[in-house]
Every structure is written in structure tokens, then in C-alpha cells.
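Single-structure report; data block below.
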């Protein structure tokens, strides 16, 4: 591991100032679960690390109007211990079902989003439920949609000197049910494929909104907008799960690649989509 300077700002604004002062070679560290590995194998050699740990404004969970605000340095373990109402309980469930206990204890939701590894559950989660991301820079605070934060080919669109400060999840009324499904080889591995299904159903049992999001098997999570829109207005009990699963695969994954890996990914996404719908829809019959 190459020697580096470790800086501890007093707040988010000071962190931004330190990043600007030291230029693009400075890196942010919070939980360090991805960066420390890169430092050890010397695939990353930043001369300056700016730590976000211990900044109260960047951690914790709070309500802001209808939204649930999760600080970027909030650990998975902290999220797991947080009691959340309605569909928001899925946030805690996802945080408690990844990697192993040491990673959940140190790893942060903001770190996962900034690492932008498509296999990480946090990316599919925030994209799937329509969360927004707060980013602080010298020009002030801006709030981004996931599509404005993640680069289409992978990575993020953050500019040098910008800091992710929080994730703003929609309120409880946004969704009736949110279900997250994933497949991984071993319990502590990152996902090979993941699917999030978020639905709203009216009192008569008719679907009023459906959002199906595929992660891990693609460079950045993709919302199957066409498939979801086609389901709106349908009775939830009449949804053909297999047909929807096939439609999601067709919309999200290319059928031009006939390699075994691509075929496997399509089978995984179809199976996970069906499983997510089965859990999310009230009393499906097919």
C-alpha cells in the first residue's frame, strides 16, 4: 500500500473544499470496503484521502416531509436495525441481506452507490423505487435522479469535487409493495442478477403503477418502462407472470448475444422477475 495523506473534514462543505484543493487525485473514503481493497492491491494509489466518517450531517435516517432521507455514510448495519413502515421496510431488508457482517458493519450506502458496481444491491434499490440523490459541490446542493447520477456504461457522472451526501427515498404512500429478488453464487457474494418490483394497486385490485427494474446483469440498473406501463389497468390477479418475465428480458437484455453467459443471464432475470411478481402482486393466478 502506497503512503497517503489522510484528511478529516469537519463537515460536508469542508470535505468539498479539501477535494478542490487537492485536485482529481484526492479520493473520498467512508466505509472503505471497495477502496481499501484497491489500495492493498495498488490498483488505486491516491496521494490524499478525505474521510467522511464521523460527519453527523452525512449519516443517519430521518423523515423530511413525505421522503425518507438516508445519509450517504449510513452503514448497512444501521439500516438493518432501523424500523421502517410499509414498503420502506424493504430498504432495511436489502441492507441486511448482502455480503457478510463485517461488510455490513463498515460498508455505507453512499459508498456502494459511488463505487457504482452494477452487482451492488443499492444501485438496483434506489433506481427501482425512484429515489433521488443529493450531491454537494462548491456550487451548492443539487438533487439528481439515478439516471442523472449513474453513467449509462457504468460508473457515475459525479464531477471532481462533488460529494454524495444523502439518498432521498419516496414516502410510504409511493408504493403499496416493493419486492427485491437476487441471485448470487454464495451467500456473501455480490449478485449475478437482481430484479426489483414496485407496484401500486387500487382498492378494486387493478394495477395503477408497476415498476420493474433489472440490476447486476446489466452495466447500470434498467427500468423496464414499456413492460410496466403495459400492465397498468390490468387486474393484478390476471397478470401472466411468465409473459411479463419474457417481456422484461426482451426489453432489458439483448438477444443478439448467444453466449452461455448471456443465455444464463436471461434465464436468471426471467426467473427473478417471475418470483418478484409472485410476491408483489395480490393473489396472482398464473
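The values are calculated or read from the model by the stated rules, or taken from the named source; none is laboratory data. Just so it is clear, the model here is predicted, and its values are computed rather than measured. A quick note on method: Cβ atoms are made from the backbone with ideal geometry, for glycine too, and the neighbour counts reach across all protein chains shown.
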**Prompt:** Taking the condition closer than 20 Å to residue 75 by Cβ and touching a helix residue (DSSP H, G or I) at 6+ places or on another chain (Cβ under 7 Å), does residue 157 pass?
**Reply:** no
**Prompt:** Could you say which residue among 72, 112 is within 11 Å of the chain's Cα centre (by Cα), within 20 Å of residue 30 (Cα to Cα) and assigned by TED's automatic domain parsing to the domain that holds residue 165?
**Reply:** 112
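Table: residues versus (1) surrounded by fewer than 19 Cβ atoms within 10 Å (Cβ to Cβ); (2) out of contact with any strand residue (DSSP E or B) (no Cβ under 8 Å at 6 or more places or on another chain).
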| position | (1), (2) |
| --- | --- |
| 162 | no, no |
| 166 | no, no |
| 185 | yes, yes |
| 197 | no, no |
| 202 | yes, no |
| 209 | yes, no |
| 213 | no, no |
| 219 | yes, yes |
**Item:** Of the criteria (1) over 15 Å from the mean Cα position of the chain (by Cα); (2) surrounded by 18 or more Cβ atoms within 10 Å (Cβ to Cβ); (3) part of a loop (DSSP other than H, G, I, E, B), which one residue 118 fails
**Value:** (1)
**Message:** Given the condition over 30 Å from residue 178 (Cβ atoms), at pLDDT below 95 and either in the same structural domain as residue 160 (by TED's automatic domain parsing) or crowded, with 20+ Cβ neighbours inside 10 Å (or both), answer yes or no: does some residue in the range 30-37 qualify?
**Reply:** no
**Prompt:** Quick one: would you say residue 189 is modelled with pLDDT under 95, out of contact with any helix residue (DSSP H, G or I) (no Cβ under 6 Å at 6 or more places or on another chain) and closer than 25 Å to residue 73 by Cβ?
**Reply:** yes
**Prompt:** Do any helices (runs of 4 or more DSSP H) lying entirely in the range 135-253 carry at least 2 residues that are under 30 Å from residue 20 (Cβ atoms), in the same structural domain as residue 118 (by TED's automatic domain parsing) and within 18 Å of the chain's Cα centre (by Cα), and which ones are they?
**Reply:** 146-149
**Asked** When you look at residue 102, is it touching a residue at least 24 places away in the same chain (Cβ under 8 Å) and either over 14 Å from the mean Cα position of the chain (by Cα) or not assigned by TED's automatic domain parsing to the domain that holds residue 11 (or both), yes or no?
**Response** no
**Asked** Is it the case that residue 241 is without any contact (Cβ under 8 Å) to a residue 60 or more places away in the chain, surrounded by fewer than 17 Cβ atoms within 10 Å (Cβ to Cβ) and on the phi < 0 side of the Ramachandran plot?
**Response** no
**Request:** Name the residue, out of 239, 244, 248, 232, that is closer than 27 Å to residue 204 by Cα and out of contact with any helix residue (DSSP H, G or I) (no Cβ under 7 Å at 6 or more places or on another chain).
**Result:** 232
**Request:** Go through the residues of the range 262-272 one by one and say whether even a single one is assigned to a loop (DSSP other than H, G, I, E, B) and either surrounded by 13 or more Cβ atoms within 10 Å (Cβ to Cβ) or within 21 Å of the chain's Cα centre (by Cα) (or both).
**Result:** no
**Asked** Out of curiosity, is residue 152 modelled with pLDDT under 95, surrounded by fewer than 22 Cβ atoms within 10 Å (Cβ to Cβ) and more than 24 Å from residue 51 (Cα to Cα)?
**Response** yes
**Request:** All but one of (1) surrounded by fewer than 19 Cβ atoms within 10 Å (Cβ to Cβ); (2) outside the structural domain of residue 106 (by TED's automatic domain parsing) hold for residue 60, so report the exception by its number.
**Result:** (2)
**Asked** Here are some residues: 68, 79. Which one is surrounded by 20 or more Cβ atoms within 10 Å (Cβ to Cβ), in contact with a helix residue (DSSP H, G or I) (Cβ under 9 Å, 6 or more places away or on another chain) and not in a helix (DSSP H, G or I)?
**Response** 68
